[in-house]
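Data block below; observations after.
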Amino acid sequence: RPHVLVLHSRTRVWMACGAACAPQAQPQMQQGWPSHGHHFFFPGAHGSSPYPPSRMPMPYPPSSMPWAPVFPPLMPIPLSSQPCIQVGSAGSAAPALLCTSCKQRQPLGRVCQPCNGSGSAPCSRCSGSGHYTPTCRACDGSGVVQGHPCRARACKGRGTVFRGKCHDCSGACRLKCSACNGNGVPLCVECTENQRQPRSRPARRRAQGPPPPGVSISECDAGGLSEMQRLWSQREGHGKIVAAWIVDNPLLSYHHHERRKQLKQQLSREPDDIQGFHGTHPGNILSIAQTGFDAARRSGQAFGTGEYFAKNPRVSERYCEGGEYMFVCRLCLGQESSSRDNDDGDHIWESQREYYVISQPEQILPQYIVRFSTCGSAACPELTSALSSPKWSNKKETQAASIPENRQCCMSKPTTDALWMGYLHGHIPDDQLEADVHAFFAKHAPSFVDGLRVHIASNKYKKAHVKLATAIPQHLVLWLNTLPFVEDGNERRVCIDDSHGSPEKECPRWIAEYCRGRNLRFTHPCWCRHEQRPTENARHELLEVPLSGAKGTEIVEKFMRTAFFLDESQPHVKAIHRIQNDVLADLHEKYRDYLRRKNKEEPPVRELFHGTNNRILEEVFTHGLQPPSDVKASDDCPVSGRKGLCTSLCNNDCRYCTERHEWDRCHMFGLGIYLADLAKKSHRYCSQPVELPDGSRRFRMVLCSVLGRALELSGHLRDREAMHDVSHVRALIHNLEEMIEPCEGSVPSKHDVEGADLLAVKGLGRACKPGFSVMNTEYIAYHPYQCLPKYVITYEV
């Protein structure tokens, strides 16, 4: 056979037959050309490549190919054939055209009409200009002011203002045609109709039935230990906490959440959660951690039927029988019983002795084991041995999950500085995967290795997030998708895609129905198509909480104990209301499920204060707390303008809010949601109170349920703006040492950062440096549904 090269007149794709090519050309062709047997095919028609035909990589330009091409006349193609010829097949025509989406039915025509078969269409946002040119505010787009050309520097009589490249197409003027998915051939009738229908994200399949029995006990990190020490101090315990361990029992967690669902149905509201101490002999600790509390072993029952827990650890200390360990448990409270039989409710609150009596063991979830300083002598060798190891577990090892099929690379931007690689096997260590990614780029894209940073994200599967110092072009990313990736010594193909996404595809960074990059334009944006926020039709209701009940008493005491304000005024709590919002509560549970999969354990829960403008609380109760954007609020924006806001409320597709937000003594530790465990700290951010006739002011403060492990940072910022642009905890993995000057020791390790879900910036008291550190501890979360507004406290000062 001759060496034949055919240039199709419509698709402009080079295709060649490699059956009789020179031996020296074969390896080079196989590296860069998707092949099938001895023939090279049109990629979009045969599914051998993840990108449309107009983007097929060419390792050699036509003039430098290592084999001599012969150009025959262009061959006419029958209407019933595909826009592809299998060269060297004795003139045999390819099979009939099929829909490029379903590969089963006939398309609506031979050529896509909107793009005229090119596979791309002008960008709708910039009308194909490649520039973002909003209307000039000075002349309102007319170019004339009082009969004279507009003198605004950015307008100069044009009526528009040049604001740089269009963010949708990155100045390329065109995007992949949505009518044909970039293939140049229209879809069939059914696929076209399906594409027009609003897309709903399929619900994640949850495991059916309870998990197998088993428990793991691991030592708390610095953040967890500090929280237990603060809880012990606030509850007025003797001595101090010297060590703490987190308990993870998936089976007990399953039964606890099932019981919680039952109470929610009975109460028509969310049940209350509270933390209680339980003291017991050291020999019972491991048994309770493994199987939970046993109703058959109850004794005493002086104040009612159930399991006994104390609000004050000094009460529980008496039941430790000389030991130095006790439990901190999460208790689920519904309706309080009216009798000691505990049969017309689910708990008893003994206010005089501050006992919680819980009727059913499923309402109890052991969370922590704490060791406190005491002069007791009782010990248990088995417990001591278990707690001396970094992690003690009797869980059954789960089999490595098989990874799904590679997703399609949909990169449409001309360049990107961040890549996504996946899916990767979850059982391979992160260090090995990171080395494999570095080796892949060193071999196939060596010019981008300098400054390359890799982070392995874990969930059910693993993914690699690659940050590049130099932007990589689109055609090279598409070519990398055709090359084998060596994963722990085994060759396989993975998808490599733009981590910032593409406007024509659904967002892969969607976590609990939210993408953190949707309101970011400069730090770590996401340009994918996003659905409207799920709380658009949410409704909320405020339900009064009795101040003398178990939960009301806990909230009032926690608030008053930490509410000594700087002006020496004492607040008076007037009311507490429960915020009932079923949509937000469901999103909060979805984020809890995400953390379970990510960390492979039940996430810790804490209740923290949040102070804000009292005039926007209705927005908070409906949509929850939102992390700030990295864009300034424009005065012209109908949503964010002229409200005195520091950052925009809009997503990154707003045509008005386009200017980057710079540091201005704000967002000291990143673009997150700021919370505190001290009421006096959150009160500083409560503004716009109600002025009362007697001269006092009425404020409202929110108490939130916050999920996740906290990464404790103890030190000073090296620069005031060092952490201003941090949009998620993962951003601290590679450069935390450049941001924080630790007070003692070193900054948290990469492993600690990987396992954290929010920040806990430790208060340094008198050692605080204003502008570089904080006096009182504050927490920063970066996902809106990580924080659930549960209660609102009304108080007067």
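Read-outs: derived from the displayed coordinates by stated rules, not from any lab. As the structure is a computational prediction, the values presented were derived from the model and not from experiment. Neighbour counts run over all protein chains shown; Cβ positions are idealised from the backbone, glycine included.
Things worth noting here:
- Charge dipole (Cα centre; +1 on Lys/Arg Cβ, -1 on Asp/Glu Cβ; no other charges) of the stretch 279-331 amounts to roughly 180 debye.
- Rounded if a/c under 1.5, otherwise prolate or oblate - the stretch 284-354, Cα gyration tensor axes: prolate
- Positive-end residue, the stretch 316-471 charge dipole about Cα centroid, Cβ charges, pick of TRP349, TRP420, ASN459: TRP420
- With 10 Å bins beginning at zero, the pair-distance distribution over Cα atoms of the stretch 579-665 amounts to 14, 33, 31, 20, 1 %.
- Inverse of mean 1/r across different Cα pairs in the stretch 583-735, Kirkwood, Å: 17.8
- Equivalent ellipsoid semi-axes - Cα gyration tensor, the stretch 661-788, angstrom: 28, 17, 14
- Inverse mean reciprocal Cα-Cα distance (Kirkwood Rh) of the stretch 437-564, Å: 19.1
- Qualifying chymotrypsin sites (Phe, Trp or Tyr not before Pro) in the stretch 565-671, where qualification requires a DSSP coil assignment and no more than 10 other C-beta atoms within 10 Å, are lacking entirely.
- The residues neighbouring ASP450, those whose beta-carbon lies less than 14 Å from its own, together hold a net charge of +1 under the Lys/Arg +1, Asp/Glu -1 convention.
- Summarising the overall dimensions of the stretch 303-405 from its C-alpha atoms, the Rg and Dmax are 18.4, 61 angstrom.
- Pairs from the table (LYS240/LYS264; LYS680/LYS790; LYS462/LYS762; LYS590/LYS769) lying more than 27 angstrom apart at Cα are LYS240/LYS264; LYS462/LYS762; LYS590/LYS769.
- Local electrostatic count, TYR308, Cβ distance below 14 Å [Lys/Arg +1, Asp/Glu -1]: +1
- Cα pair distances of the stretch 361-441 binned at 10 Å [whole percent]: 10, 23, 23, 17, 16, 9, 2
- Taking the Cα centre of the stretch 528-674 as origin and assigning +1 to Lys and Arg Cβ atoms and -1 to Asp and Glu Cβ atoms, the resulting dipole is close to 280 debye.
- Restriction of the trypsin sites (Lys or Arg not before Pro) in the stretch 698-786 to DSSP coil positions whose beta-carbon has at most 16 other beta-carbons within 10 angstrom yields ARG718, ARG720.
- Unit charges on C-beta of K, R, D, E only; dipole of the stretch 413-512, Debye: 200
- Net charge of the neighbourhood of ASP719, taken over other residues with C-beta under 14 Å away and scored Lys/Arg +1, Asp/Glu -1, is -2.
- As computed over the stretch 695-745, the Cα convex hull volume per residue (Å³): 177
- Straight Cα distances below 16 angstrom link LYS396 to the aspartates and glutamates ASP248, GLU601, with same-chain residues fewer than 8 positions distant left out.
- Within straight-line cross-link reach of LYS551, aspartates and glutamates at Cα separation under 17 Å, skipping those fewer than 8 residues along the same chain: GLU270, ASP272, ASP273, GLU336, ASP346, GLU350, GLU354, GLU607, ASP677
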